Every structure is written in C-alpha cells, then in structure tokens.
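Presented below is the structure to which this report refers.
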Amino acid sequence: MENKKPLLPPNKWLHLPLELHEKIFALLPIAAITRCRAVCHTWRSILLSPPFLQHWARIAAPIPWFLMFRDHKFRAYSPALGTWHDIPAVNPSDHALDLTCIVASAGGLLFLSSQKKKKGSPPLLLVCNPLTKSCRILPGLSRITLIYVMGMMESGWNSYKILVAGVASSSSQELITEIYDSASGGWECQSSARLDAFQDFSGMRAVWSDGFFYCLSVPPYKLVAYDMGKRSWITLDHAQQLPALAIPNLASASLLVCRGRLVMAAKITGAAASKRVRIWEFDAQSCHWKDATANSDPVLQEFCKCVSYFMALQRPRGLDSVCFNSWCRWRTLMYDVSQKKWHWLPEHCGRFKDMLSGLTYEPTFLARA
C-alpha cells in the first residue's frame, strides 16, 4: 500500500496565521492550554495575549473542577475530561509561608489563608488565580487578630467580597465582622455581636447563598448566617431546622450549595453501613431540612465500609453533585443530587493521594486577583 502524503506539509504548520493559532488553542481544554504555555516562548506569548483570551472567552463554557489541596500542593479533577490535573502552587516569593489552606473560591479565584513561619504572627490572607498566577495579598485586618469564620462571594465582574469574623484578642467577648471589597481594596468593620453562639466556630468556612453567608460550628452543631443586607448575624439552630439536633450520631458535617439551595452533608456513626452518608437540602421558607440521599446503591455501601474521613464539595451553576473522600484506597465518590446516583472518580495519583481537603473551583483565564 502506498504511503499517503500528508494533507499539509509539516513545515507549513510553522507559518499558520497568528489568528488561526489563537482559534485552535482556544478550542483546547484548560488543562491542555496550561501545558502548552510551557512548550516554548512563542506559544506562551500567544496564550497570554489579549486576542487569545478574547477568543477563549467566546468559546469556553465554565465547567467547574473539584480542587483538592494539602499545604501548597493542589490537584483538580475535571468532570468534563474525567481526569486529574496538577495546579500551579501559590506561594508569594516575598513571604515565608508555612501551611496554606484554601478557604473558598468564587469567580475563578481562590481565597487562601497561609500561616507565616514566624510563630505568633496572624495568618496572611490572599486571593489568587492559579492559572494566570496573579495574586493579591490582602491588607491586614482592621481589628481582628483571632479568626473564627471566613467566606468569599463574587460581587460582580472581576470583583469579590470576603467575610472574616473573629475577635480582637483571646480574652474578648465581642465577635467582630469585617468585609473586604476588591473594588475599594480595603476592609470595613460591619457588625459586632456577643461571642456566646460562636465559641465553636474557630477556623470554619462560610458558604455563600442568596444574600447570606452560612456556617456550621464543630459539634455540638449550630447553624448561623450573616445577612449581608442587614449586616448582622442570625442563629438557625432550632430543633426542626438542624438534622444534627435530631440525629445524635451525626459527624463530619459540611455545608455547601447545590442548585442555589443550602445543603448539609454528613456521615452517621454507629448506623447501618448503607445509611452512613446522608445529604439534606434546606428549605429557607419553611426552615426545614429535606433528606436528599439515595442509600441503596452498592457503590455507596462499598464506600461506607471503610470511610474514615469525610469531605464534601459542590458544583455551582446548576451542576448539582457532591463529592466525598475516604481513606479507603484514597478514593473519591461523587453523588448526583438530582439523579440520586453514585459513582467513583478515578484514583488520585502518587504524592497527591493523601489530599483530603477540597472545594469547587471554576477555572478561568479572565479572573484577576
């Protein structure tokens, strides 16, 4: 059989118009584009240019990733491709940082809290886009020195707000709430409250939903919310509202948002294996929780036999799935809330197998810290 000649000689690829390069690159998945940036200086300059980003913005659809992290190492799972990808580490060169924790994500940006290596120093708060390596170190808090609760929300195109609640000193009985606005570049003290209902909230994440930041304390569980409109905290721990009060064996509870609704995911210790993982949806109008779990799936039963660590994630913008992580072969299980189906994600690789914390991340080249 005769060898067919290529439709286009290899050297012709070197002389494609720049605009055609941009259009071809814009069709690639995000993970492939980040790898292409490391091929050569020419490709890197093309993939960082405003014309390419304009092409990419017109073509790309926002598909969330599940971002796993530990210390300064990040790894993300792409549901669209069904694969895990390395994410560039974030560690500003002019700061000696130790442990880094991703608190929240919004609009393609990550909000991180990083402990300085100097003992006794307050944590450094920063916002970054790991795909573009843009990073903003936030100014110091106005009054708070000990942080209890943190959260992040998207407030408009390339703008965001960050909530931090804490105290001025370890002996203080006043909970202070400060809000950072990227538009103004500074913190504003918005409210104060008595610390009684917040003693067990140290280091807790707050999730954003429909005008409120919600957070859940460590056991005994309490649900509270910060009303951004009224600039005040409200308590939502009535017996008919919180499953934790009706189920004494609830553990490792997490709050998240699916389909615009507040969701609580947890495991139940001491119960039958098929009922050890539960998910509830919160109805804000009736202030009741509705069980949204399907427990009969054999995949879930296999997961529950060895679950010793729990982690929940959400996919925003109508993609309503929840992720659970286990020490059993370092596997991650995904649950589709609308279809009530469970399935395994591909196993983590090598040094990333012990990444047991995470959240949802919407990758984009357009977000600026």
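The values are calculated or read from the model by the stated rules, or taken from the named source; none is laboratory data. Note that the structure is predicted; figures quoted are calculated from it, not measured. All Cβ positions, even for glycine, are placed from backbone atoms using ideal geometry, and neighbour counts span all protein chains on display. Quick note on the areas: whole protein, heavy atoms, side chains included, nothing else; ligands and nucleic acids left out. Shrake-Rupley method; radii C 1.70, N 1.55, O 1.52, S 1.80 Å.
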### Query
Are there any pairs, at least 6 apart or on different chains, whose C-beta atoms fall under 7 Å, with the first in region 180-209 and outside the structural domain of residue 148 (by the TED database) and open to solvent by less than 40 Å² (accessible area, probe 1.4 Å) and the second modelled with pLDDT under 90 and in a strand (DSSP E or B), and if so, which?
none
### Task
Could you pull out the residue among 97, 109 that is open to solvent by less than 20 Å² (accessible area, probe 1.4 Å), modelled with pLDDT under 80 and aliphatic (A, V, I, L, M)?
97
### Query
Just wondering, is there one or more residues in region 129-143 that are at pLDDT 90 or above and surrounded by 21 or more Cβ atoms within 10 Å (Cβ to Cβ)?
no
### Query
Just for region 158-181: of the residues that are polar (S, T, N, Q) and under 19 Å from the mean Cα position of the chain (by Cα), which one is modelled with the lowest pLDDT?
158
### Message
Checking residue 49 against (1) open to solvent by 40 Å² or more (accessible area, probe 1.4 Å); (2) modelled with pLDDT of 85 or more: exactly one of these is not met. Which one?
### Response
(1)
### Message
Can you list residue pairs whose Cβ atoms sit under 7 Å apart, with the first residue in region 34-61 being touching a residue at least 40 places away in the same chain (Cβ under 8 Å) and the second being open to solvent by less than 40 Å² (accessible area, probe 1.4 Å)? Count only pairs 6 or more apart in sequence or on different chains.
### Response
34/131; 53/365; 56/26; 56/365
### Query
Among strands (runs of 3 or more DSSP E) lying entirely in region 125-200, which contain 3 or more residues that are within 30 Å of residue 253 (Cβ to Cβ) and of a type outside the set (A, V, I, L, M)?
146-156, 159-167, 174-181, 186-194
### Summary
Of the residues in region 211-236, those that are open to solvent by 30 Å² or more (accessible area, probe 1.4 Å) and modelled with pLDDT of 85 or more come to 212, 228, 229, 230, 231, 232, 233
### Message
I need a count of the residues in region 159-174 that are under 17 Å from residue 208 (Cα atoms) and out of contact with any strand residue (DSSP E or B) (no Cβ under 6 Å at 6 or more places or on another chain).
### Response
1
### Task
Consider only pairs whose beta carbons are under 7 Å apart and that are at least six residues apart or on different chains; among these, list those whose first residue lies in region 242-263 and is on the phi > 0 side of the Ramachandran plot and whose second residue is open to solvent by 20 Å² or more (accessible area, probe 1.4 Å) and modelled with pLDDT of 70 or more.
252/267; 260/210
